[in-house]
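Here's the structure, in structure tokens; my notes come after.
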Amino acid sequence: MIPVELQVIGSALRAIAEEMGAVLVRSAFSANIKERRDCSTALFDKQGRMVTQAEHIPVHLGAMPEAVAAVRAHDPAPGEPWILNDPYAGGTHLPDLTIVTRTELGFAVSRAHHADVGGSEPGSLPAGSRTLADEGVVIPPTRLDTSTLEGLVSQMRNPDERRGDLRAQLAAHHLADERLRDLAVRRGRDRVEAAMDELLAYSERVVRAALRALPDVRVEASDFLETPSGPVELRATVTIAGDTIEIDFAGTARQIDGNLNCPLSVTRSACFYVVRCLTAPDLPASGGAFAPVTVRAPEGCLVNASPPAAVVAGNTETSSRIVDVVFAALGEAIPVAAQGQGTMNNLVLGNDRFTYYETTGGGQGACPDADGPSAVHVAMSNTLNTPIEALELSYPLRVERYSLRSGSGGDGRLRGGDGVVRELRALERCRLSLLTQRRQLAPKGARGGDDGLPGRNTLNGDELPAFVTRDLEPGDVVRVETPGGGGWGTPDP
């Protein structure tokens, strides 16, 4: 296939994935999807290989292929939508509802974080969950017809909003089916399928070449997650040999009686993100790029949990720490950025009438050649914030303060980015859930740079722990101060 034709078809496939995302965002009901854009869309070939993912959420990189594999096992009919969220059958955590449809050229996938999927607490992110059942409705791969959709939303809070968001996902799939059918007619099905094969092969070649340019090393590092019963360890050994990279989590703590456990699909996503940053960050996301990557983790450990362990914070907080520990290992051999905030600062406010969920940006670590940016979603998140106007219009909440947390970034020859301060006042009775990290253990500086400041949570001025659920009365104020990024290099005298 000549390069020009490959480029044209590749651009068409990427455009379809991006247009799926645009339809989903613009059709969604909840602020979580239409404002924060907490969703991803992707196209797969008939073998279940990811050809392209829109530039959305990194934590979905490694999990979407497992969702497609789980649905393919049921031999879906063309155009027939299937839904799942089971973290042990292709999902990430329960609020991420995934729809898979078979198309003219393979499969289309959408994954969106819904503001509630049932469970013990509004928002389906309970701080004290121990099993999946505590966190919401568990959906194995299931054919999604009208009666199934209605049965699912009836088990969730604010079913009208849930129904609207699911229909927005289905609209994205209708669009993909139409666009792919048209592409097959215009370019020829055989040519498009050949282009898919070549795009996957090209991505693999680029990443292998980038790995060969790095030194062969075997390095290791450890880091910790904060739990109510004390820190738990993550340990990673990274081996680069020729054009391959292996990341092994032997020595990591066993899964815990809490929700920081991580399914292996999410662990793979975090590792793929690091490899993408390390090798070819501008390469479009594709399954071929991850062919040189091997991820190993002992079964039943924190980063390869076994059912029915709770995982809701594993998808957000543990994935962030996996990125930290893998980069820390690589930093023993090559220059990498200092640690960023290392948490998504999950905050949920809700009751039976409304559910507000948000992750909050913070400081990115400084790089060898640049200061870290401030007030950004770091690593595995990549969502936006909820604009104040949209937030106050949609929920009984008022934003009292939203500002930079000046001075929270670590000092160094290059300075880490600052976190933010966000204060919300409840205007009616509701429940608060916070699932956060880096409240005791600060983001580390690199090559002599200072650590960033750890984060802080308060309710009406009183300190709150990293993981907590509380009742709120009208007038109560929740304040979240997010961590700053670490500095890079010894500060100039």
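Restricting to the range 420-453, count the residues that are farther than 19 Å from Val348 by Cα and either part of a strand (DSSP E or B) or among the charged types (D, E, K, R) (or both). Show your work before the answer.
Of all residues in the range 420-453, those farther than 19 Å from Val348 by Cα come to 440-453.
Still in the list and also either part of a strand (DSSP E or B) or among the charged types (D, E, K, R) (or both): 444, 446-447, 450-451.
Going through the range 420-453 one residue at a time, the tally reaches 5.
With respect to Asp411, is the statement that it is acidic (Asp, Glu), closer than 23 Å to Val323 by Cα and more than 25 Å from the chain's Cα centre (by Cα) true?
Considered against the rule, which asks whether it is acidic (Asp, Glu), closer than 23 Å to Val323 by Cα and more than 25 Å from the chain's Cα centre (by Cα), Asp411 comes out as yes.
Taking the range 48-83, which residues are under 17 Å from the mean Cα position of the chain (by Cα) and closer than 15 Å to Leu144 by Cα?
Ala67
Hey, could you check the range 326-376 for residues that are within 19 Å of Arg157 (Cβ to Cβ) and aliphatic (A, V, I, L, M) and say which is farthest from the chain's Cα centre (by Cα)?
The extreme case among them is Leu349.
Against the conditions (1) crowded, with 23+ Cβ neighbours inside 10 Å; (2) free of Cβ contacts under 8 Å to residues at least 12 places away in the same chain, where does Ala270 fall short? Just the number, please.
(2)
Return the total of residues in the range 152-188 being assigned to a helix (DSSP H, G or I), of a type in the set (Gly, Ala, Ser) and within 21 Å of Ala28 (Cβ to Cβ). Before the answer, list the steps.
Of all residues in the range 152-188, those assigned to a helix (DSSP H, G or I) come to 152-153, 159-187.
With of a type in the set (Gly, Ala, Ser) added as a condition, the list becomes 164, 168, 171-172, 176, 184.
Checking the rest, the ones that are also within 21 Å of Ala28 (Cβ to Cβ) come to 164, 168, 171-172, 176.
Residues that pass the stated criteria total 5.
Quick check: is even one residue across the range 137-149 more than 14 Å from Asp96 (Cα to Cα), part of a helix (DSSP H, G or I), modelled with pLDDT of 95 or more and of a type in the set (D, E, K, R)?
No: the range 137-149 contains no residue that is more than 14 Å from Asp96 (Cα to Cα), part of a helix (DSSP H, G or I), modelled with pLDDT of 95 or more and of a type in the set (D, E, K, R).
For residues that are touching a strand residue (DSSP E or B) at 6+ places or on another chain (Cβ under 6 Å) and not in a strand (DSSP E or B), scanning just the range 217-255, find the one that is farthest from Glu299 (Cα to Cα).
Among those that are touching a strand residue (DSSP E or B) at 6+ places or on another chain (Cβ under 6 Å) and not in a strand (DSSP E or B), it is Pro231.
Which condition breaks for Val348 when tested against (1) surrounded by fewer than 24 Cβ atoms within 10 Å (Cβ to Cβ); (2) among the aliphatic types (A, V, I, L, M); (3) closer than 27 Å to Arg405 by Cα?
Every listed condition holds for Val348 apart from (1).
Taking the stated definitions as given, is Ala210 hydrophobic (A, V, I, L, M, F, W, C), in a helix (DSSP H, G or I) and closer than 30 Å to Asp116 by Cα?
For Ala210, the condition - hydrophobic (A, V, I, L, M, F, W, C), in a helix (DSSP H, G or I) and closer than 30 Å to Asp116 by Cα - is not met.
Hey, can you tell me all the residues within the range 454-478 that are part of a strand (DSSP E or B) and without any contact (Cβ under 8 Å) to a residue 60 or more places away in the chain?
Arg456, Asn457, Thr458, Leu459, Asp462, Glu463, Leu464, Arg470, Asp471
What do you reckon, is Asp216 closer than 25 Å to Pro454 by Cα and surrounded by fewer than 19 Cβ atoms within 10 Å (Cβ to Cβ)? Write out each step before concluding.
Details: closer than 25 Å to Pro454 by Cα: no; surrounded by fewer than 19 Cβ atoms within 10 Å (Cβ to Cβ): yes.
Taking the combined requirement at face value, the residue does not satisfy it.
Among the residues of the range 53-72, is any part of a helix (DSSP H, G or I) and free of Cβ contacts under 8 Å to residues at least 40 places away in the same chain? Before you say what the answer is, go through the steps one by one.
Looking only at the range 53-72, we keep the residues that are part of a helix (DSSP H, G or I), and these are 58-60, 64-72.
Add one more test, that the residue is free of Cβ contacts under 8 Å to residues at least 40 places away in the same chain, and what stays is 69, 72.
Yes.
Does Arg405 satisfy the condition of being out of contact with any helix residue (DSSP H, G or I) (no Cβ under 9 Å at 6 or more places or on another chain), over 21 Å from Leu464 (Cβ atoms) and not aliphatic (A, V, I, L, M)?
no
Just need a number here: residues in the range 67-90 that are surrounded by fewer than 16 Cβ atoms within 10 Å (Cβ to Cβ) and touching an Asp or Glu at 6+ places or on another chain (Cβ under 7 Å).
1
Within the range 73-94, work out how many residues are in a strand (DSSP E or B), out of contact with any His (no Cβ under 9 Å at 6 or more places or on another chain) and under 21 Å from Ala28 (Cα atoms).
Within the range 73-94, residues that are in a strand (DSSP E or B), out of contact with any His (no Cβ under 9 Å at 6 or more places or on another chain) and under 21 Å from Ala28 (Cα atoms) number 2.
Name the residues in the range 427-450 that are at negative phi and surrounded by 24 or more Cβ atoms within 10 Å (Cβ to Cβ), would you?
Within the range 427-450, Cys430, Leu432, Ser433, Leu435, Thr436, Gln437, Pro443, Gly445, Ala446, Gly449 qualify.
Quick test of your reading of the structure: Gln7 fulfils all but one of (1) surrounded by fewer than 21 Cβ atoms within 10 Å (Cβ to Cβ); (2) touching a Pro at 6+ places or on another chain (Cβ under 8 Å); (3) of a type outside the set (Asp, Glu). Name the failing condition by number.
So the condition that Gln7 fails would be (2).
Tell me whether the range 446-454 contains one or more residues that are under 26 Å from Asp38 (Cα atoms) and not basic (Lys, Arg).
yes
What is the one condition in (1) closer than 21 Å to Phe272 by Cβ; (2) modelled with pLDDT of 95 or more; (3) not in a loop (DSSP other than H, G, I, E, B) that Leu97 does not satisfy?
Looking at each condition in turn, Leu97 falls short on (1).
The values are calculated or read from the model by the stated rules, or taken from the named source; none is laboratory data. Note that this is a predicted model, so its numbers are computed, not measured. All Cβ positions, even for glycine, are placed from backbone atoms using ideal geometry, and neighbour counts span all protein chains on display.
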